[in-house]
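A.B. asks: Before I ask anything, here is the structure I am working with.
The values are calculated or read from the model by the stated rules, or taken from the named source; none is laboratory data. Bear in mind the structure is a predicted one, so any value in this text is a computation, not a measurement. Cβ coordinates were reconstructed from backbone atoms using ideal geometry, including for glycine residues, and neighbour counts include every protein chain displayed.
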Amino acid sequence: MKIQTGRFIRSAVSKVDLLEDGYPQIAFVGRSNVGKSSLLNRLLGRRSLARISSKPGRTQAVNYFLINSSFYFVDLPGFGYAKVSKKARREWAELMDHYFNCVPERTQVVQLVDAKVGATPLDCEAADYFHSLSLPTTVVATKIDKVPRSKRGRQLKSIRSQLQMADEAALVPFSAVKGDGVSELWREVQGLLQLPSAPSHASRGVS
């Protein structure tokens, strides 16, 4: 499958804005500043399809990107950022809870964990939450380029252990800067969507 188009469709700030139109959804979720927007842009060969900010907690809505007019990439608000109001955190939590509990049957989850930091207690809580809902989940270790190569194997093993991942569960090391893991993550997306063939390399770009 060739990636031909990628379009921003909608930002949902309340449950009435959430899309349930029958298209499969790949939901990207992780702690604030884990690199979701950078990952999405790298996957799709775009510099600014998903907005990137140096300030954590800037993604405050559920953002939908329609890929090839056949499935969505969904950029979910980051969790765990302290410098927002209690009201905002409560509203985000309610929105996320509604999204995952009223999720379309074909929605899958890609959980991002900072490779340098490792899996925090919040990451572990999120993984337990997805498991409780029986949501198929792929884990991506972002910013792997910030981990020395001599330490990567040990760090990935630690993340796998902290999240209590099964031996056969996918853990993809990823770098939005270097491009590490792009092909591997696309293969995982293909499997989640049960697509007939893998996409061409994302560096070809989308429109």
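A.B. asks: Residues being in contact with a Phe, Trp or Tyr (Cβ under 8 Å, 6 or more places away or on another chain) and either modelled with pLDDT of 75 or more or surrounded by fewer than 23 Cβ atoms within 10 Å (Cβ to Cβ) (or both): count how many of those fall in segment 45-63.
C.D. replies: The number of residues fulfilling the criteria is 6.
A.B. asks: Taking into account only those residues within segment 125-145 that are surrounded by 15 or more Cβ atoms within 10 Å (Cβ to Cβ), hydrophobic (A, V, I, L, M, F, W, C) and farther than 18 Å from PRO173 by Cβ, which is modelled with the lowest pLDDT?
C.D. replies: That would be LEU135.
A.B. asks: Where in segment 90-194 are there helices (runs of 4 or more DSSP H), lying fully within it, with 2 or more residues that are closer than 23 Å to TYR72 by Cα and among the β-branched types (Val, Ile, Thr)?
C.D. replies: 182-193
A.B. asks: In segment 142-187, what residues are among the aliphatic types (A, V, I, L, M) and more than 19 Å from the chain's Cα centre (by Cα)?
C.D. replies: VAL147, ALA166, listed by residue number.
A.B. asks: Which residue pairs have Cβ atoms under 6 Å apart, sit 6 or more places apart or on different chains, and have a first residue in segment 157-177 that is under 20 Å from PHE28 (Cα atoms) and a second that is aromatic (Phe, Trp, Tyr)?
C.D. replies: none
A.B. asks: If I filter segment 1-15 down to residues being β-branched (Val, Ile, Thr) and modelled with pLDDT under 90, which single residue comes out as surrounded by the fewest Cβ atoms within 10 Å (Cβ to Cβ)?
C.D. replies: Among those residues, the one meeting the criterion is THR5.
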